[in-house]
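J.: Starting off with a structure, shown below.
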Amino acid sequence: MLFAGATGFAQQCTVNWNDVHQRIEGFGASSAWRSSWTAAQADMFFSTNTGIGLSLLRNHINYGPNPLSTTTLTTSENSIIGMALARGAKVWSAPWTPATGFKGTNANGAISPSGGTFRGSGGNPTNLAYASQLANYVVNLKKLYGSNVVYALSVQNEPDFNTTSYESCAWTAQQIHDFVTNLSTALTAAGVGSTRIVIPESETWSGHSLYTTTMNDPATASVVGIIANHNYDGCPPSGTPSSPGSYGKSYWETEVAKLTCAGAYDGSITDGLFWASKINTYLTSVGVNAWHYWWLIASGSDNEGLTDQSGNPAKRMYVLGQWSRFVRPNYFRIGTTISGGALTSAFKDPVSQNFAIVAINTTAADIAETFVLTNFTVPGSVTPWVTSATLSLAQQASVPVNGTSFVYVLPAQSVVTLTGIGTTNLAPVLVTPSDQSIDAGMTLTVTNTATDPGGPGVQLTFSLLQAPVGAALDSSSGVFTWRAPVSTADSTNEVMVEVTDNGTPNLSVTNGFQVVVNPIAPASLSSISLNGGQVSLVVNGPAGPDYSLLSSTNLFDWDALFTTNSPTLPFTVIDNPAEAARFYRLRLGP
């Protein structure tokens with residue numbers, strides 16, 4: 001059925017808080033070869049209040065002149081870097097080419113910044129010198145900004161594409177393998193070992209061959225922090241991307257755009273929806289931790305930038321902002337299950353409980369989407385933000401949430417981000433122990449096991465609501481202990497345990513079990529013998545209870561001669577009576 005007011009059709013999206021996937025490290029683009037911005041441009045790209053909130057900036061490293069080993073590499077983007085850092089972004093750097101002294105000839109037989117091949121191998125002087133140059137570049141920026149601002153460092157931009165009119169250099173898979181250990185050693189020696197090494201930044205996402213040699217060697221794989229590739233797989237980019245593999249590293253898509261071959265500048269919502277689908281695929285199907293467009297500001301009249309060459313935003317910029325402004329670093333993607341035409345992805349911050357659901361409606365009709373929230377609730381409302389042909393990352397009226405579901409009409413040809421604060425304070429789950437049986441005098445230990453759907457960090461407290469006298473329950477571990485008194489033999493005892501979480505509000509659950517104390521067999525003084533004035537008594541009976549031997553001369557007044565706790569049976573007691581006549585009896589306890 002249709003939601004009232006909708007002009008399209010009804011669909012459903014289920015969002016599962018506990019279906020946790022990759023950690024998000026950010027969204028970004030490059031300022032390569034630019035030297036300055038205005039504050040307004042910096043806000044447009046990196047502010048989470050007025051802009052699209054990019055959290056990653058990829059900058060270009062200038063290649064150095066000779067002499068090679070003493071050159072400090074620089075970048076022309078220092079002003080831009082400072083603005084991005086001031087707005088909370090992380091900066092990472094990529095070289096388009098080493099200095100010409102590190103390279104062989106290009107296709108024209110010349111040694112040039114354009115084309116050519118890297119000459120490094122193993123631990124040869126070229127590798128060592130270039131690794132030192134790159135490490136010193138990181139140190140130089142650290143001195144400039146007062147801290148290590150280079151979050152990650154790429155070995156080479158597009159090492160598989162060097163037939164260019166701009167800076168480029170070809171590397172083999174073996175050269176990348178050999179170089180990463182030299183680079184890691186140089187970074188550590190320079191005091192900037194926290195900088196993450198990025199490989200291989202191939203031209204295409206399918207460029208797996210350039211990193212597998214490194215990643216299949218444990219010695220070199222251990223120093224790599226990020227596996228990254230570009231996405232120039234066709235023009236415009238097409239095909240279904242594959243996962244990079246199971247190497248336990250971050251996976252970044254680090255450059256993509258519609259190049260000149262894809263036509264003239266197009267800032268429309270149609271182009272924006274093309275990129276929305278791409279971002280969604282890379283996040284949900286590939287599982288990348290970061291996604292980048294190519295340039296922030298285009299250099300020509302094509303689609304290489306998020307804006308045109310004058311800095312006017314394209315819809316693709318706002319579409320990217322539907323993720324980057326609200327899905328912040330250290331969010332985690334959580335699972336969505338959809339029926340119908342909308343594409344969705346969802347993300348949560350496990351610390352603040354903030355979440356964002358991004359829905360893409362590429363159809364020509366509105367979609368009345370019912371969002372069903374699993375394993376979390378929203379006590380208030382969600383806020384929609386919309387990019388469409390007429391809206392650009394525009395906040396809309398809040399939508400009330402009915403506990404675990406709400407409905408929102410996704411406008412035709414739009415991207416919608418729904419933001420809110422969830423609560424995962426679901427009631428704990430307490431596993432009911434099986435009923436127990438025990439002999440009198442024995443000690444029973446039962447562990448009550450509880451979990452909380454809210455996940456790690458939730459504290460649970462156990463307490464006894466009902467139990468036999470003398471029973472105890474550890475409030476932290478849930479361990480129940482009780483030594484059954486002899487007086488409870490042949491009885492059934494109820495135990496009721498409650499576990500409570502520390503959420504807001506506190507939620508609790510109770511479960512119970514029974515403890516049956518078996519009938520007790522009688523104890524006996526099985527034999528009495530005299531030996532030189534000593535009385536020897538052999539005691540036997542059920543295991544478990546304490547045994548006390550009492551004596552009397554008149555059958556009315558009894559004195560305890562001996563008490564032992566849960567003895568090994570039978571056992572012998574020796575008495576030296578002073579009286580000629582003495583009576584004995586046994587008492588079991590507790």
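The values are calculated or read from the model by the stated rules, or taken from the named source; none is laboratory data. Just so it is clear, the model here is predicted, and its values are computed rather than measured. Ideal geometry is used to build each Cβ from the backbone, glycine not excepted, and the neighbour counts take in all protein chains shown.
J.: Residue 301 - would you say it is out of contact with any strand residue (DSSP E or B) (no Cβ under 7 Å at 6 or more places or on another chain), over 16 Å from residue 251 (Cβ atoms) and of a type in the set (Gly, Ala, Ser)?
T.: Yes: the conditions hold for residue 301.
J.: Could you tell me how many of the residues in segment 222-240 are surrounded by fewer than 20 Cβ atoms within 10 Å (Cβ to Cβ) and touching a helix residue (DSSP H, G or I) at 6+ places or on another chain (Cβ under 8 Å)?
T.: Of the residues in that region, 4 qualify.
J.: In the set 110, 135, which member is surrounded by fewer than 21 Cβ atoms within 10 Å (Cβ to Cβ) and hydrophobic (A, V, I, L, M, F, W, C)?
T.: Of 110, 135, the one residue that is surrounded by fewer than 21 Cβ atoms within 10 Å (Cβ to Cβ) and hydrophobic (A, V, I, L, M, F, W, C) is 110.
J.: Any chance segment 55-75 includes a residue that's among the aromatic types (Phe, Trp, Tyr), modelled with pLDDT of 95 or more and more than 29 Å from the chain's Cα centre (by Cα)?
T.: No, every residue in segment 55-75 fails to be among the aromatic types (Phe, Trp, Tyr), modelled with pLDDT of 95 or more and more than 29 Å from the chain's Cα centre (by Cα).
J.: Could you list all residues from segment 429-458 that are of a type outside the set (A, V, I, L, M, F, W, C) and within 22 Å of the chain's Cα centre (by Cα)?
T.: 451, 452, 453, 454, 455, 456, 457 - these are the residues of segment 429-458 that are of a type outside the set (A, V, I, L, M, F, W, C) and within 22 Å of the chain's Cα centre (by Cα).
J.: Has segment 248-259 got any residue that is out of contact with any Pro (no Cβ under 9 Å at 6 or more places or on another chain), over 27 Å from residue 411 (Cβ atoms), assigned by TED's automatic domain parsing to the domain that holds residue 163 and at pLDDT below 95?
T.: yes
J.: Name the residues in segment 447-486 that are farther than 30 Å from residue 522 by Cβ, touching a Phe, Trp or Tyr at 6+ places or on another chain (Cβ under 6 Å) and of a type in the set (A, V, I, L, M, F, W, C), would you?
T.: Once the filter is applied, which keeps residues that are farther than 30 Å from residue 522 by Cβ, touching a Phe, Trp or Tyr at 6+ places or on another chain (Cβ under 6 Å) and of a type in the set (A, V, I, L, M, F, W, C), segment 447-486 yields only 473.
J.: Given the conditions (1) part of a loop (DSSP other than H, G, I, E, B); (2) of a type in the set (Gly, Ala, Ser); (3) over 58 Å from the mean Cα position of the chain (by Cα), which single one is not true for residue 544?
T.: (3)
J.: Ok, one more. Which ones in segment 162-200 are within 17 Å of residue 140 (Cα to Cα), part of a loop (DSSP other than H, G, I, E, B) and touching a Phe, Trp or Tyr at 6+ places or on another chain (Cβ under 9 Å)?
T.: Within segment 162-200, 194, 195 qualify.
J.: Let me ask something else. Of a type outside the set (Val, Ile, Thr) and in contact with a strand residue (DSSP E or B) (Cβ under 8 Å, 6 or more places away or on another chain): which single residue out of 123, 104, 146 fits that description?
T.: 104
J.: Of the numbered conditions (1) within 20 Å of residue 299 (Cα to Cα); (2) of a type outside the set (Lys, Arg); (3) not in a loop (DSSP other than H, G, I, E, B), residue 27 fails exactly one; give the number of that condition.
T.: Result: residue 27 passes all but (1).
J.: Hey, another quick one. Restricted to segment 185-209, and to residues that are small (Gly, Ala, Ser) and out of contact with any helix residue (DSSP H, G or I) (no Cβ under 9 Å at 6 or more places or on another chain), which residue is surrounded by the fewest Cβ atoms within 10 Å (Cβ to Cβ)?
T.: The qualifying residue surrounded by the fewest Cβ atoms within 10 Å (Cβ to Cβ) is 206.
J.: Pick out the one residue from 458, 515, 469, 495 that is surrounded by 15 or more Cβ atoms within 10 Å (Cβ to Cβ), assigned to a loop (DSSP other than H, G, I, E, B) and not aromatic (Phe, Trp, Tyr).
T.: The unique qualifying residue is 458.
J.: A further question follows. So which of 476, 526, 536 ends up being more than 30 Å from residue 579 (Cα to Cα) and surrounded by fewer than 19 Cβ atoms within 10 Å (Cβ to Cβ)?
T.: On inspection, the qualifying residue turns out to be 476.
J.: Looking only at segment 408-430, decide whether some residue is over 30 Å from residue 321 (Cβ atoms) and surrounded by fewer than 15 Cβ atoms within 10 Å (Cβ to Cβ).
T.: Yes.
J.: Ok, one more. Restricting attention to segment 150-184, and to residues there that are within 13 Å of residue 95 (Cα to Cα) and aromatic (Phe, Trp, Tyr), which single residue is surrounded by the fewest Cβ atoms within 10 Å (Cβ to Cβ)?
T.: Checking each candidate, the answer is 166.
J.: Another question, then. Here is a check on your reading of the model: is residue 6 over 28 Å from residue 226 (Cα atoms), at pLDDT below 95 and part of a loop (DSSP other than H, G, I, E, B)?
T.: Yes; evaluated as a whole, the condition is true for this residue.
J.: Quick check on this structure: which one of 240, 270 is part of a helix (DSSP H, G or I) and assigned by TED's automatic domain parsing to the domain that holds residue 93?
T.: 270
J.: Please pick out the residue among 283, 296, 306 that is within 30 Å of residue 374 (Cα to Cα), modelled with pLDDT of 95 or more and crowded, with 21+ Cβ neighbours inside 10 Å.
T.: Residue meeting the stated conditions: 283.
J.: With respect to residue 270, determine if the residue is touching a residue at least 60 places away in the same chain (Cβ under 8 Å), farther than 26 Å from residue 90 by Cα and more than 24 Å from the chain's Cα centre (by Cα).
T.: yes
J.: Restricted to segment 84-101, and to residues that are hydrophobic (A, V, I, L, M, F, W, C) and touching a residue at least 60 places away in the same chain (Cβ under 8 Å), which residue is surrounded by the most Cβ atoms within 10 Å (Cβ to Cβ)?
T.: In this case the residue turns out to be 92.
J.: With respect to residue 386, determine if the residue is buried (at least 18 other Cβ atoms within 10 Å of the Cβ), part of a strand (DSSP E or B) and at negative phi.
T.: So residue 386 passes the test.
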